Amino acid sequence: MKEPDATGEQRMITTQEIARRVGGRLYGSGEIEIEGVAALDRAQPRQITFIRDTARIGAWRESRASAALASHEVSAECLESGKVLIGVEDVDSALIEVLHLFAPAVDRPEPGVDETAVVGAGVELGKRVAVGAGCRIGPRVRIGGGTILHPGVTVMAGVTIGSDCELYPGVVIREGCVLCDRVMIHPNAVIGADGFGYHCASDGGGLVKVPHIGIVRLGDDVEIGAGTCVDRAKFGATEVGEGTKIDNLCQIGHNCRIGRGCVFSGQVGLAGSVVVEDGVVMGGKVAVRDHVRIGAGVKLAACSAVMDDIPAGATWAGYPAQDSRVALREHAAIRKLPELVRNIQRQRKADRAERDPQPR
Amino acid sequence: MKEPDATGEQRMITTQEIARRVGGRLYGSGEIEIEGVAALDRAQPRQITFIRDTARIGAWRESRASAALASHEVSAECLESGKVLIGVEDVDSALIEVLHLFAPAVDRPEPGVDETAVVGAGVELGKRVAVGAGCRIGPRVRIGGGTILHPGVTVMAGVTIGSDCELYPGVVIREGCVLCDRVMIHPNAVIGADGFGYHCASDGGGLVKVPHIGIVRLGDDVEIGAGTCVDRAKFGATEVGEGTKIDNLCQIGHNCRIGRGCVFSGQVGLAGSVVVEDGVVMGGKVAVRDHVRIGAGVKLAACSAVMDDIPAGATWAGYPAQDSRVALREHAAIRKLPELVRNIQRQRKADRAERDPQPR
Amino acid sequence: MKEPDATGEQRMITTQEIARRVGGRLYGSGEIEIEGVAALDRAQPRQITFIRDTARIGAWRESRASAALASHEVSAECLESGKVLIGVEDVDSALIEVLHLFAPAVDRPEPGVDETAVVGAGVELGKRVAVGAGCRIGPRVRIGGGTILHPGVTVMAGVTIGSDCELYPGVVIREGCVLCDRVMIHPNAVIGADGFGYHCASDGGGLVKVPHIGIVRLGDDVEIGAGTCVDRAKFGATEVGEGTKIDNLCQIGHNCRIGRGCVFSGQVGLAGSVVVEDGVVMGGKVAVRDHVRIGAGVKLAACSAVMDDIPAGATWAGYPAQDSRVALREHAAIRKLPELVRNIQRQRKADRAERDPQPR
């Protein structure tokens, strides 16, 4: 099955050229023309694949791929007639290079402001900024050079966006928020919606909305997934640190302060005022209670529900979350529990029978 | 309470006409005019309701509805003066027919391209395609006959959409994705956003984004819920098989391969490269770890967290998910655990007292 | 760090004016000019902060803030030279007043219909309704006075929207839905998408879509979070009662009936036909099974998975959810379980050794 190409052009790159680009050593012909990338078991002729470890050598022998990236060790071991190997230091890095080679051109609006876009008063646009069809840019917005707003993006008053950012269709950035440089925001994400805060009216007349007059600040190289929401602060800023990557459909509550280089998988939810230090990794669907502090380098298993502060470097799991070794031990004990209960009940019956023998 | 009608017209259908349309047997007058559908306990005169089983006969006697769909057995049993029964083989199928009879016309754009839509170069539109106000269609997109793009849909370069599809407002389809025929996508869903993949730079310089050059392919009759995200593949395609229905706010990671006829409830999350075979049913909020394989016909209880492969036909539940009978047994044992712990502590104290009697 | 101001203007308000507005008693100078609000530990000179209880008096002494709101008791106790205190009855209510004083003007479209908006036939707009750029209003929509549609909102045929509502960019309201007065809907939320219902075709030919001909009805003062989806009813209405607040990325299934004054945190999911009585509070990520009834005033801990009806006034937690005291007791018992299992195994070994002494 050949995938359609978004650009309409079919790219062809020789094995020699690929080896040159990844700085790899070529085993076999440099003349083979490659037109795509695929996994070992799904690759077709004229596609390149990759071999991460020696356990996959059997799959490589059966693969229909014309070429593979492999570590130097693997490459030396598993030459196959008619197939090409490109030996590299780091297979994953080389694969990223190759994916770039075959990446279809992204469909980006041209620099300039599309005639169907609506731009407010006092907006400042840097060099080569692209504002796509149907975008709405509020007053006093400033956008740095090279930034791309795909069609249908809404940027409200007073927002500051740095250079070389990319905002996909349907993204909404509310008033006053700040995006630093090279921030990427995927479709339909919402930055700076009101935080979720109410105060019970003293007269019992229901809930009074707490105004959220703060902003969201996204550091350099932050990436925000499709449909993800990062709420604005009550005051000050909800902060996402440099280089942090947040997957799709996550909820980041008002006044959270997330450090640098964190990675949050899909559907993670942080309540308000959570502090996450640098380099924290969260699996999918992790939940964090409000005002909790998570130390640097913490790892959280998918679906963990965090109710307490976590010390730096820890690995936690479970509901409620705790040290993952303890959580595992408890899970193992629960596995034995039904039998344990049965045994204890049997034993108790036997003890009772011994104590109070019934006449037959 | 009479619900407003989206079309502004009030539809009136006689009981005789309804009986004819559902192929049912009429008990009582065929002249009653019906103008809507409601549940037994909420129905008003001039509304039709339905009786799924004999346990509901009492509710039927008290219901204010003018008519009801019921099985032939029930119909024969519970005639009420002045009320009409329509006896049918399958109440649910008949109800679907009746809902169609009373369905207000959907608000769809007219065939043709709205003058406020922006259409790229080389776009091919089939017969009677409707492109609503403010849609953005990228270059080289192909759309099959009868497909409807509601207002505010974004379709990026090189996308292929089949016939008789319906895309609701705010939907974003990224480059190169493929939708087969009769695909329905609800508002603000995102198809083909970048997968969530990073590689740690060997120089320690942070996370390097892995390019995702693959696509998403949605089979015939697939339905995707509001706000749901299906990520594009690293290479090849993230696949959703024919007839699979995915509810709102689900997250389908890059390179997942979902079979035919699956049903996923709201807020389900699949990490990357999950394989789901045909006919799998997932309750709400199920989470599945990356690279897991779920066999055909598996059923997963709501909130299950799947960490391991699941054999075909199994029913699993829990966190972590396991065979639901085992999960139930463990839950039952946990219910008894606090008492068990108390008893054991008491017993131990008694044993100790017996072994080491204290002088009074 | 001074936050940018979305309006471009710097507001300055004297301590005397603030005291007057919150009806508080001024301790110290009334001439200090305040330009923003911040937490005790992050406040800068010329900012006002707040002191909720005496435990924070130390932090107040160290704070760089120029002024603070505090209870009358605290105010009397902790005067600091050069700093201003404003004594109030209720700190949180006063803080809300102060946040309003410093709130930057929201970026709202002007009353009237933007020339890029598309408005269908038979639409009725009240006084001072604002319809922003790129909005799409279907035929026969009625919108009450003072309601604001931010840019890029889609309102489909026959929808009724009350007075003084505010719909943020990217919101989609499907056919026939009803919003009462002062409803606020945050960006990219979806109201009235089809419910998730299918019927297995009797001929085994797959899943037949159940038409959802009902609507969604949102009561007065309802607030719906960013990205949240409320599905339309199969028939009748999915209802959200007066004053209920729903956070971001929640999923409310078809035919749910939610009472008045409820508060649902982020990523909550309700399956179909759930009944929630008045004043129910749900933590983040709570899941509720279909057809469950939750009594008035119930509180659900974050991540609870509700499978059964809950009596009014109860506090539940856990997976599956149960009375939170029982859930806590079980969690405490599970904490002890690994040791218990070890002890029992040791004991059993000892018993066996005693019964069956092995020759050495």
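The values are calculated or read from the model by the stated rules, or taken from the named source; none is laboratory data. Just so it is clear, the structure is predicted and the values come from calculations on it, not from any experiment. Note: ideal-geometry Cβ built from the backbone for every residue, glycine included; neighbour counts use all protein chains shown. What goes into the accessible areas is simple: the full protein's heavy atoms, side chains included, and nothing from ligands, DNA or RNA. Shrake-Rupley method; radii C 1.70, N 1.55, O 1.52, S 1.80 Å.
Note on C:Asp309 and C:Thr54: the extension gain reaches 87.6 nm, defined as 0.36 nm multiplied by sequence separation minus the Cα-Cα distance.
Once C-alpha pairs closer than 8 Å and six or more residues apart are averaged by separation and normalised to the residue number of the stretch C:145-201, the relative contact order reads 31 percent. Between this copy and the others, label points of C:Ala312 are 5.3, 5.3 nm apart in ascending order, each placed 7 angstrom from Cα in the Cβ direction.
Between C:Ile32, C:Cys165, C:Val153, the Cα set farthest toward the positive side of the dipole of the protein assembly as shown (charges on each charged residue's Cβ, about the Cα centre) is that of C:Ile32.
If you add up the charges near C:Ala287, with Lys and Arg at +1 and Asp and Glu at -1, over every other residue whose beta carbon is less than 12 angstrom from its beta carbon, what do you get? Taking every other residue near C:Ala287 into account, the sum is +3. In the stretch B:126-221, Cα pairs under 8 Å separated by at least six residues give a relative contact order of 21 percent.
Ranked from largest to smallest solvent-accessible area, with a 1.4 Å probe on the protein heavy atoms, B:Phe50, B:Phe264 come out as B:Phe50, B:Phe264. Look at the stretch A:176-185: the mean tally of other chain Cβ atoms within 10 Å of its residues' Cβ atoms is 1. Taken residue by residue and averaged, Cβ atoms of other chains lying within 10 Å of the Cβ of C:147-157 number 6.
Ignoring lysines fewer than eight residues from B:Lys83 along the same chain, the ones with Cα atoms less than 21 angstrom from its Cα are B:Lys2. For the stretch B:182-205, the residues whose backbone nitrogen is under 20 Å from a point 7 Å from the Cα of A:Asp90, taken along Cα to Cβ, are B:196-205. Accessible surface ranking for B:Glu166, A:Glu124, 1.4 angstrom probe, highest first: A:Glu124, B:Glu166. Expressed to the nearest 5 percent, the antiparallel share of DSSP beta bridges inside chain B is 15 percent. Partners of C:Lys349 within straight-line reach, counting aspartates and glutamates whose Cα lies under 18 Å from its Cα and excluding those fewer than 8 residues away in the same chain: A:Glu339, A:Asp351, B:Asp351, C:Glu339. Simple spin-label estimate for C:His199 and A:Glu62 gives 4.6 nm between the two label positions (7 Å along the Cα-to-Cβ direction from each Cα). With label points set 7 Å from Cα along Cα→Cβ, the inter-copy distances at C:Asp356 are 3.1, 3.1 nm, sorted shortest first. Averaged over the residues of peptide A:231-239, the number of Cβ atoms from other protein chains lying within 10 Å of each residue's Cβ is 5. Near A:Ala302, once Lys and Arg are set to +1 and Asp and Glu to -1 for all other residues with Cβ below 14 Å from its Cβ, the sum equals +2. For the peptides C:83-95, A:306-318, the ranking by packing is C:83-95, A:306-318, with the highest mean count of neighbouring Cβ atoms within 10 Å listed first.
Spatially, the stretch A:294-329 and the stretch C:299-360 are offset by 20 Å when compared through their Cα centroids. Each label point was placed 7 Å from the Cα along the Cα-to-Cβ direction; for B:Gln44 and B:Glu339 their separation is 5.1 nm. Our Cα-only numbers for the protein assembly as shown put the radius of gyration and Dmax at 31.2, 100 Å. Of the residues B:Lys245, A:Lys209, the one with the largest accessible area comes first in the ranking A:Lys209, B:Lys245, computed with a 1.4 Å probe on protein heavy atoms. Separation of the alpha carbons by more than 28 angstrom is noted, of A:Lys234/C:Lys285; A:Lys285/C:Lys245; B:Lys234/C:Lys245; C:Lys245/C:Lys336; B:Lys299/C:Lys336, for B:Lys234/C:Lys245; C:Lys245/C:Lys336; B:Lys299/C:Lys336. Over chain B, what is the relative contact order in percent, taking alpha-carbon pairs closer than 8 angstrom and at least six residues apart? Reported as a whole number, the value is 6 percent.
Computed with every protein chain present, the accessible area of C:Thr116 is close to 50 Å² [probe 1.4 Å].
If only the Cβ of Lys and Arg carry +1 and only the Cβ of Asp and Glu carry -1, the dipole of the stretch C:260-306 around its Cα centre is close to 80 debye. Please identify which residues in the stretch B:144-185 have an amide N closer than 16 Å to a label point set 7 Å out from the Cα of A:Glu110, following the Cα→Cβ vector. Residues passing the 16 Å test: none. Positive-end ranking of C:Cys256, C:Cys303, A:Val98 along the dipole of the protein assembly as shown, with charges on Cβ about the Cα centre, is headed by C:Cys303. Across the identical copies, the label point of B:Arg108 (7 Å from Cα in the Cβ direction) is separated from its matches by 3.8, 3.8 nm, in order from shortest. Set against the 2.2 N^0.38 Å expectation for a compact globular protein, the stretch A:1-159 has a Cα radius of gyration ratio of 1.46. The charge dipole of the protein assembly as shown, taken about its Cα centre with unit charges on the Cβ of Lys, Arg, Asp and Glu (plus for the first two, minus for the last two), comes to roughly 3860 debye. Summing Lys and Arg as +1 and Asp and Glu as -1 over all other residues whose Cβ lies under 12 Å from the Cβ of B:Gly146 gives a net charge of +1. Separation of the stretch A:126-151 and the stretch C:187-239, taken as the distance between their Cα centroids, equals 35 angstrom.
Rounded to the nearest 20 debye, the dipole magnitude of the stretch B:284-360 is 480 debye, with +1 charges on Lys and Arg beta carbons, -1 on Asp and Glu beta carbons, and the Cα centre as origin.
In this simple spin-label approximation, A:Met12 and C:Ala332 carry label points 7 Å from Cα along the Cα→Cβ vector, and these lie 7.5 nm apart. If a/c stays under 1.5 just call it rounded; otherwise compare a/b with b/c (prolate if a/b is bigger, oblate if not). Do that for chain A, with a ≥ b ≥ c from the square roots of the Cα gyration tensor eigenvalues. Cα axes put chain A in the oblate bin. For the stretch B:278-360, report the translational diffusion coefficient in µm²/s to the nearest whole number, using Stokes-Einstein at 20 °C, 1.002 mPa s, and a Kirkwood Rh over Cα pairs. My calculation gives 140 µm²/s for D.
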